1. Going by the conditions given, is Gly65 modelled with pLDDT of 95 or more and either farther than 17 Å from Ser104 by Cβ or outside any strand (DSSP E or B) (or both)?
2. Which of the numbered conditions does Phe53 fail, given that it passes all the others? Conditions: (1) assigned to a strand (DSSP E or B); (2) touching a helix residue (DSSP H, G or I) at 6+ places or on another chain (Cβ under 7 Å); (3) under 16 Å from Arg30 (Cβ atoms).
3. Any idea which of Ser7, Ser70, Ser56 is closer than 26 Å to Arg102 by Cβ, open to solvent by 30 Å² or more (accessible area, probe 1.4 Å) and touching a residue at least 24 places away in the same chain (Cβ under 8 Å)?
4. Spot the failing condition for Trp36; the list is (1) of a type in the set (Phe, Trp, Tyr); (2) assigned to a loop (DSSP other than H, G, I, E, B); (3) surrounded by 20 or more Cβ atoms within 10 Å (Cβ to Cβ), and only one is missed.
5. Can you name every residue in region 6-30 that is more than 17 Å from Ser70 (Cβ to Cβ) and of a type in the set (A, V, I, L, M, F, W, C)?
6. Assess whether Val48 counts as being touching a Lys or Arg at 6+ places or on another chain (Cβ under 9 Å) and either open to solvent by 60 Å² or more (accessible area, probe 1.4 Å) or not small (Gly, Ala, Ser) (or both).
7. Going residue by residue through region 14-26, is there one that turns out to be surrounded by 12 or more Cβ atoms within 10 Å (Cβ to Cβ), of a type outside the set (Asp, Glu) and touching a helix residue (DSSP H, G or I) at 6+ places or on another chain (Cβ under 7 Å)?
8. Residues that are open to solvent by less than 40 Å² (accessible area, probe 1.4 Å), under 16 Å from Asn52 (Cβ atoms) and touching a residue at least 60 places away in the same chain (Cβ under 8 Å): find the strands (runs of 3 or more DSSP E) completely inside region 73-115 holding 2 or more of those.
Amino acid sequence: QVQLVESGGELVQPGGSLRLSCAASGGNFRFYNMGWYRQAPGKQRELVATINFVGSTNYADSVKGRFTISRDNAKNMVYLQMNSLKPEDTAVYYCNAANPSRSSWGQGTQVTVSS
């Protein structure tokens with residue numbers, strides 16, 4: 001089963017940018033569909049962006065035009081470039097790896113957007 005470790009979360013001012021990284025190990029990475037999800041305090045976990053094994057992407061309406069998901073199969077990495085950050089983007093961001101038989105989650109990384 002694939003293991004996932006997120007990094008890159010921190011405190012940033014509104015309008016700023018961050019890049020989150022997710023390092024995968026222990027599985028055949030290039031065949032997994034990868035995603036970023038987030039969970040704000042008191043709210044359910046929600047989808048942010050996904051990228052499938054052939055590179056097709058999908059975004060939540062709230063982040064379209066601001067966030068970009070990408071993957072590097074040679075490095076077993078997934079990234080989330082976040083621009084024009086808003087306070088409502090504050091959440092714990094989780095990386096997910098999924099195939100038809102299983103789904104794995106990382107431990108999450110905190111993103112706080114505040115002045």
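The values are calculated or read from the model by the stated rules, or taken from the named source; none is laboratory data. Keep in mind the model is a prediction, meaning the values are calculated, not measured. Note that we place each Cβ from the backbone using ideal geometry, even for glycine, and neighbour counts take in every protein chain shown. Surface accessibility is based on the protein's heavy atoms, side chains included, excluding ligands, DNA and RNA. Shrake-Rupley method; radii C 1.70, N 1.55, O 1.52, S 1.80 Å.
1. Yes; evaluated as a whole, the condition is true for this residue.
2. (1)
3. Ser7
4. Among (1) of a type in the set (Phe, Trp, Tyr); (2) assigned to a loop (DSSP other than H, G, I, E, B); (3) surrounded by 20 or more Cβ atoms within 10 Å (Cβ to Cβ), the lone unmet condition for Trp36 is (2).
5. Correct list: Leu11, Val12.
6. In short, yes.
7. yes
8. 77-82, 91-99
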